[in-house]
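Here the structure is laid out as structure tokens; the discussion comes afterwards.
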Amino acid sequence: MVGSGRALWLATIALLSLNSALAQKVAEYKLTVAGASFDLTSTYEEKDAGAFESLVKAKLPGQPESSGKLVGRWTGYDLTEAEITLEGGGAKFKATYQSGAFTITGAPNAPKDPIKLDLKGALLWSQNFPAVSRSAFGVLGDIRSGKKVRLINLDTLTEQSIEAKATTRTVQMAGENRDFHVISFSLSGLPIQLFLDRSTRQSAGFHVPAQNASFLRVGSEAVVEDPIGKYPELPKADQPTLETPEVKIPMRDGVLLASTLTRPKAEGKYPTILIRTPYDRKLGAFYGSRYAPRGYAVVVQDVRGRFGSGGIWEPLTSEVADGKDTLDWIVKQPWSNGSVGMIGASYLGYVQWAAAVTQHPALKCIIPQVSPPDPTRNIPWDNGAFLLMGAAWWSNIVKDNSPLNMSMLTPDKVKHLATRPLTKVDDKMIGRDVPFFDQMLKRDSIDKWTGAFRHSQISSVKIPVLHVSGLWDGDGVGTQIHWEALRRAGGKQWLIFGPWEHGFNMSTKQAGIDYGPDSLLELESVYLRFFETFLKNREVKWNEQPKVRFFVGGANYWEKGTDFPLPSAKPVTYFLGNGALTSGPTSGRDSITVDPEKIGTTSSIMDLEGSASTLIRPRDLAGALVYRGPILEQPKIYQGTLTAELYVSTTARDATLHVLVCEQKANGEIHLLGGEGTQRLTEFGPGRKLLQPGKVYKVQVRPWWFSQQLQLGSRLVIAVTGHLFPRFSLNPGTGESEATATRYIKSTHTLHRSKEHPSRVTLWELP
């Protein structure tokens, strides 16, 4: 509908908002994330006869300047006239409301006909102009009585029926008590709190707890409850702070890395929290406002070759040495007490492991969130297979120091993933050569990643680790293999594993499934409690925290324990036999044919149109071997991972296999339980040997973690396929390098089933 216009705005302004306080002719509102203010100005001006005008301008880190205007008219609590204009990134679109319908101009693919929406008696929402949410006063009685209300999203020009709750909160402002209505609801799985000022009868702004982001009228900040404030043992954010926006930290080769230092203003020695990022340290400003007022020095650093830092950007390869050199610099500073902790998600998690394996004495603990493993276990290479779609998408994001462009997986772009050789994919898909994309392709074994962190080094990590990851996290296998490696090494570690995607703990709705309000956790106090324990040596009840917390999908509850899977889980083995999962080996052979010339770019487990989805479409399993278990007569919980032991021969000199663990529901739909397992059959690395056609090889494949209750009438499904293109690149089948191969051959892979070749899977079942 107006998706392109919305994408324009949201990509450039993120959570831009404007609030209304009609008690004031002109009101000012500010955006804060975790207490950090961003360069955003917004005003709301009341005019005559219910008319108003809102103006907003934003220049957020890493984003082009954006602006917007909303002019309209209120009749009571109903918006009867409106015109919305949004500009940013060289584009502009307008939505005009008249006679019960919106007319869109300027947006690509805008509908020709007006969009009919009845705004009367509806709760209006806009993350760009939340002043419209004063309309909540008109439906407050319905909300209190438990009735569903119509919510009209002015960002998308769509309508939906929602459940909302209303409470009252009294806060002290300017020396007097003020009462606010708090309207809580969920939009696309994202919990939102809307604040209505009872004295002015206007919107005071809104808060997104999962993102710790607020758009509030200046002076109304106290309406948002501090999630940490209810814990008396944790420090208050009451220390004045001092920020040094650009500190140049020298590396051993003379390169200077730009960093922002925020610390308590009072003289003293403080523990340090270090964040290293390739995504612009200014976007990490909230770390300083989150921890410095509680007694920490906070260093947020651009990694080598990114934004303010010198050197050449070559992903993954410099983080071990640069992490150690940064720690060396910190402990020499007069404000440092010699203890450092690290936190951050995705690449910001990878750099923590890179620093940890140096065994630097100053690094006392880390919190890697949704962290990838080393370069050969996920991205860009996963057990010998190249994660083509992910590598191309990420290369586009970090190809230079321009504003982050997150939208590239469109059909017209994705078709270029079929380009041969693969070193030309970036030229076609991104529009120019990206040198490090080619480098990633050619580094097809860990020995070629000089300077990068290696998973084999994990056993050297002796400091406390708090892992945070999600079932649908695209880098989730990193948490899995790190947890398992540290378990073997006897490391000190804790795990939080939720039903989340890479943007973890942000929405109840993930991968097309709504897991309910309990699927989100309050994590800020957990992180602070961890740092207080291991950086300040304070007693803050960390020992009361569970060793493991994981969410059981399907049943939708959090389980606590001492390990994952739970010690009470028992291994169960199923043999693959003639389309079924059986209790014992069967005799036969099943074949997969992979014809590169007949595989299109729409044949992928990945949902190209949006976020991840658990639903397996028929085309996704075309040509795959599918084995179904018995229909369940009672619910059953599987958790942990699955190990597939497959006996395979092939007509090719090289091949790749993928294993999917699924649930077939009573209605016939097939849903993934977790990420795929991938394994290239050749000996991947230096001196690898090509396959002998017809020879039977024993292959072990391990899909990613899952934690799911299968429902009554469902059945377990295991699928084995010879490709997941374009998520993964196709194996040429010839033994040539995937980076440079132009010839791809048709091949047949045969799965053998017998007592001699007992192809089977083993997974963990809770009693």
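The values are calculated or read from the model by the stated rules, or taken from the named source; none is laboratory data. Note that this is a predicted model, so its numbers are computed, not measured. Every residue, glycine among them, receives a Cβ derived from its backbone with ideal geometry; neighbour counts consider all protein chains shown.
Being surrounded by 18 or more Cβ atoms within 10 Å (Cβ to Cβ) and more than 25 Å from His723 (Cβ to Cβ) holds for only one residue in Val434, Val468, Val425, and it is Val468. Pro403 passes every criterion in (1) at pLDDT below 95; (2) in a helix (DSSP H, G or I); (3) not hydroxyl-bearing (Ser, Thr, Tyr) apart from (2). In the set (1) modelled with pLDDT of 95 or more; (2) surrounded by fewer than 24 Cβ atoms within 10 Å (Cβ to Cβ), Trp353 fails one condition alone, (2). Evaluation of Thr85 against the conditions (1) in contact with a strand residue (DSSP E or B) (Cβ under 6 Å, 6 or more places away or on another chain); (2) surrounded by 13 or more Cβ atoms within 10 Å (Cβ to Cβ); (3) over 21 Å from Lys30 (Cα atoms) shows that the sole unmet condition is (3). On the stretch given as the stretch 327-363, residues that are closer than 25 Å to Thr376 by Cβ and assigned to a helix (DSSP H, G or I) total 10. All of Arg178, Arg201 fail the test of being of a type in the set (D, E, K, R), farther than 28 Å from Asn505 by Cα and crowded, with 19+ Cβ neighbours inside 10 Å, apart from Arg178.
Name the residue, out of Thr682, Thr650, that is under 24 Å from Leu388 (Cβ atoms) and either touching a strand residue (DSSP E or B) at 6+ places or on another chain (Cβ under 6 Å) or without any contact (Cβ under 8 Å) to a residue 60 or more places away in the chain (or both). Only one candidate passes the filter, namely Thr650.
The residue pairs whose first member lies in the stretch 588-605 and is more than 15 Å from Leu657 (Cα to Cα), whose second member is modelled with pLDDT of 95 or more and crowded, with 19+ Cβ neighbours inside 10 Å, and whose beta carbons are closer than 6 Å, counting only pairs six or more residues apart or on different chains, are Gly588/Arg753; Arg589/His752. Restricting Ser747, Ser714 to those that are small (Gly, Ala, Ser), buried (at least 19 other Cβ atoms within 10 Å of the Cβ) and farther than 30 Å from Phe564 by Cα reduces the list to Ser747.
When you look at Arg304, is it out of contact with any Lys or Arg (no Cβ under 7 Å at 6 or more places or on another chain), buried (at least 24 other Cβ atoms within 10 Å of the Cβ) and closer than 18 Å to Asp253 by Cα, yes or no?
yes
Kindly indicate whether Ile192 is closer than 21 Å to Gly138 by Cβ, surrounded by 16 or more Cβ atoms within 10 Å (Cβ to Cβ) and among the aliphatic types (A, V, I, L, M). Taking the combined requirement at face value, the residue satisfies it.
From the list Gly175, Gly254, which residue is without any contact (Cβ under 8 Å) to a residue 60 or more places away in the chain and not assigned by TED's automatic domain parsing to the domain that holds Leu123?
Gly254
Suppose we filter the stretch 437-465 for residues that are without any contact (Cβ under 8 Å) to a residue 24 or more places away in the chain and surrounded by 21 or more Cβ atoms within 10 Å (Cβ to Cβ); how many remain? Going through the stretch 437-465 one residue at a time, the tally reaches 0.
Looking at (1) surrounded by 19 or more Cβ atoms within 10 Å (Cβ to Cβ); (2) closer than 19 Å to Val56 by Cβ, find the lone condition where Val218 falls short. Unmet for Val218, out of (1) surrounded by 19 or more Cβ atoms within 10 Å (Cβ to Cβ); (2) closer than 19 Å to Val56 by Cβ: (1). For the stretch 72-87, a residue qualifies if it is under 36 Å from the mean Cα position of the chain (by Cα) and closer than 19 Å to Asn153 by Cβ, and the qualifying residues are Leu79, Ala82, Glu83, Ile84, Thr85, Leu86.
Within the stretch 484-515, being more than 17 Å from Asp473 (Cα to Cα), in a loop (DSSP other than H, G, I, E, B) and touching a strand residue (DSSP E or B) at 6+ places or on another chain (Cβ under 9 Å) holds for Gly491, Lys492.
Just so you know, in the stretch 549-573 the residues that are buried (at least 19 other Cβ atoms within 10 Å of the Cβ) and aromatic (Phe, Trp, Tyr) include one that is nearest to Leu486 (Cα to Cα), and it is Phe564.
Let me confirm something: among Ala362, Ala392, which residue is touching a helix residue (DSSP H, G or I) at 6+ places or on another chain (Cβ under 6 Å), outside the structural domain of Leu60 (by TED's automatic domain parsing) and surrounded by fewer than 22 Cβ atoms within 10 Å (Cβ to Cβ)?
Ala362
State whether the residues of the stretch 136-155 include one that is under 29 Å from the mean Cα position of the chain (by Cα) and in a loop (DSSP other than H, G, I, E, B). Checked the stretch 136-155: at least one residue is under 29 Å from the mean Cα position of the chain (by Cα) and in a loop (DSSP other than H, G, I, E, B).
Can we say Gly470 is touching a residue at least 12 places away in the same chain (Cβ under 8 Å) and out of contact with any Ser or Thr (no Cβ under 8 Å at 6 or more places or on another chain)?
yes
Restricting Gly474, Gly478 to residues that are over 24 Å from Pro271 (Cα atoms), crowded, with 20+ Cβ neighbours inside 10 Å and at pLDDT below 95 narrows the list to Gly474.
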